[in-house]
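See structure below.
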Amino acid sequence: MTETKTVQVNRVYIKASPQAIWDAITKPEWTEKYGYGGLADFDLTPGGKHRVRPTQAFIDSGFTGDLLDGEVVEVDPPRRLVITWRLTMDPSLIAEPYTTLTYDIEETKSTGTRLTVTHDVTGAPNHAAMVAGVHEDLDAGPGQNAGGGWAWVLSDLKSLLETGETVAVR
């Protein structure tokens, strides 16, 4: 029996340069401002490590270790970044294999810059549900209780880069 490949693709168009989007993905001074708000650290060389450290808000909630980690597979700034990726905040997630996350950043002639996030979550059903936004708590709002997934994170990133403000209430 072969395992079914599970790949999620999310795309957003942002009125920002490819470099601005690259920086927002790879620099902690940006990653703490949108989405779930962790501090990203990247060794942007193939085989280099990456991780997301907790902000004070995470630490105050009891998350004191890295929130996610992985390895850099491919890097072509500011156009493409491929990494292995695993959330480390929950034992059920740590038990799953690393997933593969690809950021493709392409400047278009008329619609800003297209950011495509492709997440291969094959063999990682808990990760697949989380990044798809399946755990969204509608009473608490998107992004609460790990709920918004990639669609919410990318909406927040787009808002931040275009307006200076996020959709998330912090």
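Brief remarks follow.
- Dividing the mean sequence gap of close Cα pairs (under 8 Å, 6+ apart) by how many residues the chain holds gives a relative contact order of 24 percent.
- The stretch 1-44: relative contact order in percent, alpha carbon pairs under 8 Å with at least 6 residues between: 23 percent
- Think of the chain as a dipole: +1 on every Lys or Arg Cβ, -1 on every Asp or Glu Cβ, centred on the Cα centre; then among 124, 159, 72, 159 lies furthest on the positive end.
- Estimated distance in nm for a label pair at residue 9 and residue 122, the labels positioned 7 Å out from Cα along Cα-to-Cβ: 1.6 nm
- Its convex hull of Cα atoms gives the stretch 1-84 a direction-averaged projected area, equal to a quarter of the hull surface, of 7.5 nm².
- Across the stretch 27-37, coupling constants 3J(HN,Hα) worked out from phi with the 6.51/-1.76/1.60 Karplus curve, θ = phi - 60°, read 10, x, 5, 9, 5, 6, 8, 9, x, 7, x Hz, and Gly and Pro carry x.
- The charge dipole of the stretch 3-136, taken about its Cα centre with unit charges on the Cβ atoms of Lys, Arg (+1), Asp and Glu (-1) only, comes to about 420 debye.
- Considering helices alone, the calculated mean residue ellipticity of the chain at 222 nm is -7000 deg cm²/dmol, with DSSP H runs of length four and up weighted by -39500 (n - 2.57) and normalised per residue.
- Taken one residue at a time, the phi angles of the stretch 45-59 give Karplus couplings (6.51, -1.76, 1.60, θ = phi - 60°) of 10, x, x, x, 8, 9, 7, 10, 8, x, 7, 4, 4, 5, 4 Hz. Gly and Pro are set to x.
- Taken over the C-alpha atoms, the stretch 77-130 has Rg and Dmax values of 14.0, 45 angstrom.
- Ranked from largest, the principal axis spans of the Cα set of the chain equal 43, 39, 29 Å.
- Amide H contacts for residue 49 (H built 1.01 Å from N in the peptide plane; partners 5 or more residues away or on another chain; cut-off under 5 Å): 43, 72.
Readers should treat all values here as calculations from the given coordinates under stated rules, not as data from a laboratory. None of the values given here were measured: they were computed from a predicted structure. Positions of Cβ are generated from backbone atoms using ideal geometry, with glycine treated the same way; all protein chains shown enter the neighbour counts.
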